[in-house]
2 protein chains.
Amino acid sequence: MELIFLGTSSAVPSKHRNHPGIALKAFGEIILFDCGEGIQRQLANVKISPMKINQIFISHLHGDHILGLPGLIQSMGFRGRDFNSPLHIYGPPGLEKTKQSIFNLGYFSVDFPLIIHEIDEGIVVENDEYVIEAVKTYHNVENLSYSVYEKKKPRFLREKAIELGVDPGPDFGKLHNGIEVEVNGKIIKPEQVLGNDRDGVKLVYSGDTKPCDEMIRFAKDATVLIHESTYNSSDEDKAYNNFHSTSAQAAKIAKEANVKELILTHISTRYTNINDLKKEAIEIFENTKVANDFMKINLSKIHKKYENK
Amino acid sequence: MELIFLGTSSAVPSKHRNHPGIALKAFGEIILFDCGEGIQRQLANVKISPMKINQIFISHLHGDHILGLPGLIQSMGFRGRDFNSPLHIYGPPGLEKTKQSIFNLGYFSVDFPLIIHEIDEGIVVENDEYVIEAVKTYHNVENLSYSVYEKKKPRFLREKAIELGVDPGPDFGKLHNGIEVEVNGKIIKPEQVLGNDRDGVKLVYSGDTKPCDEMIRFAKDATVLIHESTYNSSDEDKAYNNFHSTSAQAAKIAKEANVKELILTHISTRYTNINDLKKEAIEIFENTKVANDFMKINLSKIHKKYENK
């Protein structure tokens, strides 16, 4: 599981920071969180085909988080995306109107299903491999923060299986996937050859929000919390007035939620030197990084590092 | 007068080519032609404030030529553009619907007047300094090509003025600006101290079009013709089917219109090496350049170079 930051600015982009967008490379697909203007070129830069994106999660309907959607959708159309490859976009109420407006911007049509999910809090997507959940947090318009939780299979106890007479091969795979097998007329159940339940990677992305207790609960024990940090503490009044967070506030959330690592993003272009932002966060929560465009984070590696601690 | 290419790709952008957009720095302002996704970052890259843009001319309503409008407009709002600074956007019918859709994309409002001009052929803007004209050309949706013609003042005949008793100073300026002055009870008329009429810079931008006679007439004797060249001759069938031009076709237009210089743009990302495009154009019309993002062209210098030829 890998994170790729496609845009790390706040409302006004700069030469080095594009509007927000985060790609999660996992489970054989690319899951996109927010889609600011310019995301299709940012994807081209890191050689990710937009065709691999089947799900986009929008935190809120401010321009800097959605204005890359029209171009990205159109680009998928140009590449021949068809009715077999629906694109699902999740976000707060109003997203259906956003879709209609995209199709009315100019001459614009696509041949694939564009399925809008106006969602509330709770589990949004769940399958055998992961769960994606949303929670309402506090911006000046409705904002959803998202978590992705990897369902990690228990370890397969290979020697135990051999001891029970199972031959290495397809039966190992079946058992690891929870399917019982018959060996010499004897039924072997998965639980006989599987280790204890294991926690998977937990990723949390704040979208735009002021610091809040909901986030502490939602991010509890996360592997990585990506939290907005539009300002530093010297502009705490601006953060308060605009329903944003400072880096110190994001660090406090990370500490109280007991996350493993914190990544600050959504950085105001007023800060050309991000050292101050980082410094005040690290004083509160040591494992803090400030995101840059194209920064990659290996989530599985971080998870493994802390798994046995 | 200077041209700055902000985006030179066709429908699909690449790492090195943004969606279309051309800034004309002249007459104390920035005039923008087309506004593809990402233009606000391209402007940041060349240190042009969006606040200097008061007029945008849209060739046609395909996404690659308009999807930078929502972000650019919003960005002007963030910078405090107010009711004293209207933004005028000119383009083909349908542009008013584009505006309404922009405001319905999400939470979006601005405090300055956004004035849409759905235009036809003919003179679009005229003042003391320049004339902007439009002509319909041939794409698969309505496309307007634009020309900008600089009204150049005749030379001021300084020695003649002194001979007539005019003192160097404010009266020189008045006469050069067409206002008569009184010297020792005698009226001096501008025509007494002004040289012959002079041609100014003529710039023509094609937007997206197949090659056509209208363009030859419209671009007649232009200083610079910016013509789309989505394909080279090996893909002439694609150019034909998609109502685009090849570089050879653009060069033929330039030659027949007797322009001074031709700049090819709207280059398909299929061509990673643009030498072929350039080569086939130069064989037909020598003074050809292929545009790159951030390329700057000094129009006044080109005009001067050919003025006395």
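For the range B:185-196, the criterion of being over 24 Å from B:His60 (Cα atoms), open to solvent by 60 Å² or more (accessible area, probe 1.4 Å) and part of a strand (DSSP E or B) is satisfied by at least one residue. Would you say A:Leu69 is surrounded by fewer than 22 Cβ atoms within 10 Å (Cβ to Cβ), facing chain B (nearest Cβ under 10 Å) and aliphatic (A, V, I, L, M)? Considered against the rule, which asks whether it is surrounded by fewer than 22 Cβ atoms within 10 Å (Cβ to Cβ), facing chain B (nearest Cβ under 10 Å) and aliphatic (A, V, I, L, M), A:Leu69 comes out as no. Within the set B:Phe112, B:Phe83, B:Phe5, B:Phe108, the sole residue that is in contact (Cβ under 8 Å) with a residue 24 or more places away in the chain, open to solvent by less than 30 Å² (accessible area, probe 1.4 Å) and either facing another protein chain (nearest Cβ under 10 Å) or over 25 Å from A:Ser9 (Cβ atoms) (or both) turns out to be B:Phe108. Residues B:Met215, B:Met295: which one is open to solvent by 10 Å² or more (accessible area, probe 1.4 Å), at pLDDT 95 or above, touching a strand residue (DSSP E or B) at 6+ places or on another chain (Cβ under 9 Å) and among the aliphatic types (A, V, I, L, M)? The conditions single out B:Met295. Listed by first and then second residue, the pairs linking a residue in the range B:37-48 that is closer than 16 Å to B:Ser9 by Cβ to a residue that is crowded, with 18+ Cβ neighbours inside 10 Å and of a type in the set (A, V, I, L, M), with Cβ atoms under 7 Å apart and 6 or more places separating them unless they lie on different chains, are B:Glu37/B:Leu67; B:Ile39/B:Leu6; B:Ile39/B:Leu72; B:Gln42/B:Leu6. Can you name every residue in the range B:12-45 that is under 17 Å from A:Gly68 (Cβ atoms) and surrounded by fewer than 22 Cβ atoms within 10 Å (Cβ to Cβ)? Answer for the range B:12-45, where residues must be under 17 Å from A:Gly68 (Cβ atoms) and surrounded by fewer than 22 Cβ atoms within 10 Å (Cβ to Cβ): B:Val12, B:Ser14, B:Lys15, B:Ala44. Restricting attention to the range A:88-111, the residues being under 24 Å from the mean Cα position of the chain (by Cα) and in a loop (DSSP other than H, G, I, E, B) number 3. Looking at A:Phe33, A:Phe27, just one residue is of a type outside the set (Lys, Arg), away from every other protein chain (no Cβ under 12 Å), touching an Asp or Glu at 6+ places or on another chain (Cβ under 6 Å) and in contact (Cβ under 8 Å) with a residue 24 or more places away in the chain, and that residue is A:Phe27.
Residues in the range B:51-64 that are within 14 Å of another protein chain (Cβ to nearest Cβ), part of a helix (DSSP H, G or I) and either of a type in the set (S, T, N, Q) or over 21 Å from B:Ser14 (Cβ atoms) (or both): B:Met51 alone.
Quick check: anything in the range B:95-102 touching a strand residue (DSSP E or B) at 6+ places or on another chain (Cβ under 6 Å), at the interface with chain A (Cβ under 10 Å from one of its Cβ atoms) and farther than 28 Å from A:Asn140 by Cβ? Within the range B:95-102, one or more residues are touching a strand residue (DSSP E or B) at 6+ places or on another chain (Cβ under 6 Å), at the interface with chain A (Cβ under 10 Å from one of its Cβ atoms) and farther than 28 Å from A:Asn140 by Cβ. Could you pull out the residue among A:Glu126, A:Glu150 that is modelled with pLDDT of 95 or more and surrounded by fewer than 20 Cβ atoms within 10 Å (Cβ to Cβ)? Of A:Glu126, A:Glu150, the one residue that is modelled with pLDDT of 95 or more and surrounded by fewer than 20 Cβ atoms within 10 Å (Cβ to Cβ) is A:Glu126. Among residues of the range B:261-290 being free of Cβ contacts under 8 Å to residues at least 24 places away in the same chain and under 21 Å from B:Pro13 (Cα atoms), the one that is least open to solvent (accessible area, probe 1.4 Å) is B:Ile274.
Conditions (1) out of contact with any strand residue (DSSP E or B) (no Cβ under 7 Å at 6 or more places or on another chain); (2) outside any helix (DSSP H, G or I), marked per residue:
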residue: A:Leu203; (1), (2): no, yes
residue: A:Asp208; (1), (2): no, yes
residue: A:Ala248; (1), (2): yes, no
residue: A:Ile253; (1), (2): no, no
residue: A:Glu256; (1), (2): yes, no
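In the range A:134-147, which residue that is of a type in the set (A, V, I, L, M, F, W, C) and crowded, with 23+ Cβ neighbours inside 10 Å is farthest from A:Gly200 (Cα to Cα)? So the residue we want is A:Leu144. Note on the range A:233-260: among residues that are open to solvent by 50 Å² or more (accessible area, probe 1.4 Å) and more than 30 Å from A:His303 (Cβ to Cβ), the one that is nearest to the chain's Cα centre (by Cα) is A:Phe243.
Given the condition under 17 Å from B:Leu105 (Cα atoms) and outside any loop (DSSP other than H, G, I, E, B), answer yes or no: does some residue in the range A:77-87 qualify? No, the range A:77-87 has no match at all.
Per the conditions (1) outside any strand (DSSP E or B); (2) more than 10 Å from every other protein chain (Cβ to nearest Cβ); (3) farther than 20 Å from A:Ile297 by Cβ, the sole criterion not satisfied by A:Ile48 is (3). What about A:Ile123, is it among the aliphatic types (A, V, I, L, M), assigned to a strand (DSSP E or B), touching a Phe, Trp or Tyr at 6+ places or on another chain (Cβ under 8 Å) and more than 8 Å from chain B (Cβ to nearest Cβ)? In short, no. Does the range A:126-139 include one or more residues that are within 14 Å of chain B (Cβ to nearest Cβ) and hydroxyl-bearing (Ser, Thr, Tyr)? There is no residue in the range A:126-139 that is within 14 Å of chain B (Cβ to nearest Cβ) and hydroxyl-bearing (Ser, Thr, Tyr). Scan the range B:153-179 for residues that are surrounded by 16 or more Cβ atoms within 10 Å (Cβ to Cβ) and part of a helix (DSSP H, G or I) and the total you get is 5.
The values are calculated or read from the model by the stated rules, or taken from the named source; none is laboratory data. These numbers were taken from a predicted model, which means no experiment stands behind them. Backbone-built Cβ (ideal geometry, glycine too); neighbour counts: all protein chains shown. What goes into the accessible areas is simple: the full protein's heavy atoms, side chains included, and nothing from ligands, DNA or RNA. Shrake-Rupley method; radii C 1.70, N 1.55, O 1.52, S 1.80 Å.
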